[in-house]
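S.K.: Let me begin by handing over the structure; questions about it come next.
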Amino acid sequence: MTQHHYDVVIIGGGISGCALAYELARYTDIASIAVVEKYDSIATLNSKGTANSQTIHVGDIETNYTLAKAAITKRTAKMVEKYCLQYGYQNTILFSHQKMALGIGDEEVEFLLHRYEEFSELFPYLEVWDKEKLKNIEPRVVFDENGNERPENIVGIGAKGQWTTVDYAKMAQSFITNAQNEPNTTVDLFLNSPVTAIEKNPIRGYNVRTNERIYSADFVVVNAGAHSLYLAHSIGHGLDYSCLPVAGSFYITSQHILNGKVYMIQNPKLPFAALHGDPDILAKGNTRFGPTALVLPKLERFTKGTYLDFWKTLRLDLNVIRALWKLLRESDIRNYIFRNFLFEVPYFNKRLFLRDARKIVPSLRLDEFEYAHGFGGVRPQVIDKNQQKLMLGEASINTGEGIIFNMTPSPGATSCLGNAERDLRYIVQYLGKTFDENRFNDELTDGEYCVLSAPIEEQKRTVNAIRDAMHAHEKEYYEEIHVGKPHESFWSRPHSLWRKK
Ligand SMILES: Cc1cc2nc3c(=O)[nH]c(=O)nc-3n(C[C@H](O)[C@H](O)[C@H](O)COP(=O)(O)OP(=O)(O)OC[C@H]3O[C@@H](n4cnc5c(N)ncnc54)[C@H](O)[C@@H]3O)c2cc1C
């Protein structure tokens, strides 16, 4: 069996592994890097264009992001954009679509207007679109099948002219090509090389085994999706964590139902992104709706096997059962799980999905979309067994012993360069190498973000106009009249409780 030595071995050739190889090659003096990938080409699983929503999740229209989270995501999302612009990948890897978060009904509209006020300094390009404006920009969110306006109040908070969409598989391939073009660094890519074992070397570093070769490395980063935790467990790390693979599926149309990305408002109780409609860059811009969310007992979506790997990585015990039970106790989550299960059952799936999708496009018809066979992937959600909790974000186990394991559910593709930067900083310190931070900042980051600009004032006028119209309407038809004291039981009605908060 042949043995190769590298400064750094990266296991997994998805967007995360390839981004790290690129950053190490371009911005450090690390001399040799290997990327070891299980399949016959890179980015065939979750980073593939049909597996994810192709979105750069900046945090501007994703209503589940807090301002603090959006400030971080914005920095890492900008890196994706800046990298693509640096190499001239506009309209081959990087695309621009209009995008918006859509609020439907007075409560959601007020929520979005409030959010706009909070987020507009971080995202000065955001615009506020009322129903009249939406009739031009995104007419199918306004009209029903008879051509009538939907009765509810709606608002879109969105942007035009931003870079929004990426073919992450092509981007991963470009990372490897550009890394290999860097002088003074060797970057070797090994395909068809599933890693079967990792062993700690008694003197320094690790041995990474495949059936054909052994790679020795001073530092190892495991970017193998859900299999990262599987490999961590195999070497005694991350035993307090368990992995719940949550598959996401899509429904695709054969036409441009939407002109751009339309995101619904997130139910804060639900752990996954709300339904959205996106133009699919690999399907002539036709609209793709999704993703759904379904727990699957396997670590990879469309490949054979990995059922046993799932059970091994789940490490089922009382803590995992308690974590799952806590989720199932919530009626919103229970219903969501059940609904998402039905989204996979032929006949019922389309009809049920239609009801949800009509919230975005009231005139959508059954004959306008199909279950997208072969689309979708798996989000490796991590369960913290000590806290008995499902973690929503990404998980990284840095052992402090020259090996890191990364699990990257959504928006892991957007944060690929940011996550790589985090690992790069640690690796250079650990190996005593240098990081050309100035070049990195010049090429990949964007400096200051919070710039207050005149357009915000203009948008705020629209916000106030929408609010005034809503209040006038409310005053005319919905004013509450209380004569005398209401019966005590009134306050125990769920609506009243909600109002009292
Ligand atoms: C339905 C859905 C929608 C999404 N939408 C978005 C979106 O719009 N925007 C966004 O930013 N993110 C999105 N994501 C998340 C994003 O797709 C992932 O976070 C990202 O692709 C993860 O990349 P990765 O390289 O870490 O993992 P992967 O792409 O899963 O790559 C892991 C690689 O490791 C390899 N590997 C595994 N085991 C081994 C082994 N033993 N030996 C060698 N190699 C191995 C695999 O073959 C694979 O190539 C979405 C995810 C899903 C499922």
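The values are calculated or read from the model by the stated rules, or taken from the named source; none is laboratory data. Worth saying up front: this structure is predicted, and the values here are computed from it rather than measured. With ideal geometry, Cβ positions are generated from the backbone for all residues, glycine too; neighbour counts draw on all protein chains shown. Accessible surface areas use protein heavy atoms only, side chains included; no ligands, DNA or RNA. Shrake-Rupley method; radii C 1.70, N 1.55, O 1.52, S 1.80 Å.
S.K.: Testing the spin-label approximation: label points 7 Å from Cα along Cα→Cβ at His256 and Val295. State their distance in nm.
M.R.: 4.2 nm
S.K.: Give, in nm to one decimal, the length gained when the segment between Arg422 and Gln90 is fully stretched (0.36 nm per residue of separation minus the Cα-Cα distance).
M.R.: Taking 0.36 nm per residue and subtracting the Cα distance, the gain is 116.9 nm.
S.K.: Please give the residues of region 377-411, grouped as numeric ranges, whose backbone N is less than 11 Å from a label point set 7 Å along the Cα-to-Cβ vector of Glu330.
M.R.: 390-392
S.K.: OK, next. Using DSSP to define loop residues, name the GluC sites (Glu not before Pro) in region 370-454 whose beta-carbon has at most 10 other beta-carbon atoms within 10 Å.
M.R.: Here the sparse-neighbourhood loop sites are Glu448.
S.K.: Could you tell me the center-to-center distance, by alpha carbons, between region 142-192 and region 223-246 in angstrom?
M.R.: 27 Å
S.K.: Any lysines with Cα under 19 Å of the Lys131 Cα? List them, leaving off those in the same chain fewer than 8 positions away.
M.R.: The reachable lysines, counting only those whose Cα sits under 19 Å from Lys131, are Lys99, Lys160, Lys261, Lys359, Lys460.
S.K.: Provide the descending list of Cα extents for the chain along its principal axes, expressed in whole angstroms.
M.R.: Its Cα atoms span 84, 51, 45 Å along the three principal axes.
S.K.: For Thr303 and Glu344, FRET efficiency with R0 = 22 Å and r from the beta-carbon atoms, rounded to 0.05?
M.R.: Taking R0 as 22 Å, the efficiency between Glu344 and Thr303 is 0.80.
S.K.: Right, next: Per DSSP helix of 4 or more residues, -39500 (n - 2.57); summed, then divided by the residues of the chain. What does that give at 222 nm, rounded to the nearest 500?
M.R.: Calculated from helices alone, the mean residue ellipticity at 222 nm is -10500 deg cm²/dmol.
S.K.: Could you give the nm distance between label points at His114 and His4, where each point is 7 Å from its Cα heading toward the beta carbon?
M.R.: Using points 7 Å along Cα→Cβ, the separation is 5.6 nm.
S.K.: How many percent of the accessible area of the chain is carbon or sulfur, using a 1.4 Å probe?
M.R.: Ligands and nucleic acids excluded, carbon and sulfur give 53 percent.
S.K.: Still on this structure: Per residue, what accessible area does region 73-216 have, given a 1.4 Å probe and all protein chains present, in Å²?
M.R.: On a per-residue basis, region 73-216 sits at 42 Å².
S.K.: What is the gain in length, in nm to one decimal, between Ile321 and Glu107 on full extension, counting 0.36 nm per residue of separation less the C-alpha to C-alpha distance?
M.R.: 73.5 nm
S.K.: Using r as the Cβ-Cβ distance of Lys135 and Glu370, and R0 as 25 Å, what FRET efficiency do you calculate, to the nearest 0.05?
M.R.: 0.35
S.K.: While we're here: Going 7 Å from the Cα of Asn441 toward and past its Cβ, which residues in region 66-91 have a backbone nitrogen under 16 Å from where you end up?
M.R.: 75-76, 79
S.K.: If r is the Cβ-Cβ distance from Asn148 to Asp384 and R0 is 56 Å, what FRET efficiency results, to the nearest 0.05?
M.R.: That gives a FRET efficiency of 0.70.
S.K.: Using a 1.4 angstrom probe with every protein chain in place, what is the largest-first accessible-area order of Ser363, Ser254?
M.R.: Ser254, Ser363
S.K.: For Tyr87, what accessible surface area do you get with a 1.4 Å probe? Give it in Å², rounded to 10.
M.R.: Using a 1.4 Å probe on the heavy atoms, I get roughly 70 Å².
S.K.: Any chance you could run the full-extension gain for Lys460 through Glu121? It's 0.36 nm times the residue separation minus the Cα-Cα distance, nm to one decimal.
M.R.: Separation in residues times 0.36 nm, less the Cα-Cα distance, equals 120.9 nm.
S.K.: Specify which residue in the list Gln162, Phe95, Leu20 is farthest towards the positive end of the charge dipole of region 12-171, using unit charges on the beta carbon of Lys, Arg (+1) and Asp, Glu (-1), about the Cα centre.
M.R.: Leu20
S.K.: Using the basic label-point model (7 angstrom from Cα toward the beta carbon), what is the Lys269 to Lys69 distance in nanometres?
M.R.: Modelled inter-label distance: 1.8 nm.
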